[in-house]
Amino acid sequence: MRTPFSQITITPKRLIRSIYSQTSSSSFIPKPLNLYSQSPLIRSHPQSRNTSFASALDITNEEQNGSLNDALKPDDFLFWPNFFTNEECKVLTEMALWKLDRIDTSLKRRRKGRFTPKLDDEAENTDEIQKLFDREYGFEEGHYDSVIHQYRETLLSSLPPSPSSSLTSSLIKLYSLLPDLPIDNLKQEEIPPKGTITHLLHLSPKGEILPHVDNLQASGKFICGVSLGSERTLRLQSKDKDKKEGWDVRLGNGSVYLQRDSIRYNYEHSILPYDSEGSVWDGEQLKPGHRISIMIRDTPKRPAEL
Ligand code: OGA
Ligand code: MN
């Protein structure tokens, strides 16, 4: 007989430590949701099959003799819906825009006139974070073979000069979530920590990320994503073309997710456009607006170290 998931200890030691211990930013890290959690922010996909996490596994159990049961653990995807406060979101967005704007050559040409992004009336976002996006940005269209469309991206290789204490503590709080980090109590000068690669990704209001698995050579075992600004749907979908099962996750401002193991390797992930069928939550379409994600990955081990 299959062990019910509720009886499986799913949280790795390291994570238990970081979730329940006090971080140097003096705040407790809340307990994350996983794909098994009952939450209005996570739903199975496609919905017509009514595949809750447990029933999805029941189906594959019958079909695969339980092999996937071992492979797909509920905590292969962890989700903290309100990880950052509004103030922390603001500080992180400002930092990301500062980094991104420095390398945006089209922006330099346009710097004189301050543009407000022109969205249609109903699309006009008036919330605090959206106000920070006050330029007309030079987004990459994304080539025919690329998965990301309408975006700007840069690496976060160091902090901006004289970072505020709220920026430093927000980043320490974030990096403390990562599994197997070599350092326990991060200091400002250790951000970003060795062994990790941090990207800042700005999606335009019309941007999207098509289904993909992150490059196996370029990144390691986990992918951590912070969402700032406009809400978007993250879709996780089995790579197995016959069973397109998966989940849709509503990524709000200040949320953080962590994908690894089978979700990282056996599922494709995508960020749906705001006006897609999967971007309707509680009967309402998500609003268009700018979104920034902070993506943290571990550097892949070289073959000799594997
Ligand atoms: C990526 C990606 C997801 C996100 O950059 O590869 O999948 O949440 N990003 O922005
Ligand atoms: Mn990706």
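Annotations
- For the range 133-165, the set of residues classified as over 19 Å from Pro193 (Cβ atoms) and touching a residue at least 40 places away in the same chain (Cβ under 8 Å) consists of Phe133, Tyr137, Phe139, Val147, Ile148, His149, Gln150, Tyr151, Arg152, Glu153, Ser164, listed by residue number.
- Criterion violated by Glu277 - all others in (1) within 13 Å of ligand 1 (Cβ to nearest atom); (2) out of contact with any strand residue (DSSP E or B) (no Cβ under 9 Å at 6 or more places or on another chain) satisfied: (1)
- In the range 197-232, residue nearest to ligand 2 (Cβ to nearest atom) [restricted to those that are small (Gly, Ala, Ser), more than 14 Å from Ser276 (Cβ to Cβ) and within 14 Å of the chain's Cα centre (by Cα)]: Gly225
- Residue within the range 168-184 that is without any contact (Cβ under 8 Å) to a residue 24 or more places away in the chain, in contact with a Phe, Trp or Tyr (Cβ under 9 Å, 6 or more places away or on another chain), in a helix (DSSP H, G or I) and more than 16 Å from ligand 2 (Cβ to nearest atom) present: no
- Of everything listed in (1) part of a strand (DSSP E or B); (2) surrounded by fewer than 17 Cβ atoms within 10 Å (Cβ to Cβ), the single unmet condition for Ser162 is (1).
- In the range 55-72, the residues that are surrounded by 19 or more Cβ atoms within 10 Å (Cβ to Cβ) and either of a type in the set (Gly, Ala, Ser) or modelled with pLDDT of 50 or more (or both): Ala56, Leu72
- For Gly142: the one exception among (1) at positive phi; (2) surrounded by fewer than 18 Cβ atoms within 10 Å (Cβ to Cβ); (3) more than 16 Å from ligand 2 (Cβ to nearest atom): (3)
The values are calculated or read from the model by the stated rules, or taken from the named source; none is laboratory data. Being a predicted model, the structure only gives us computed values, none of them experimental. With ideal geometry, Cβ positions are generated from the backbone for all residues, glycine too; neighbour counts draw on all protein chains shown.
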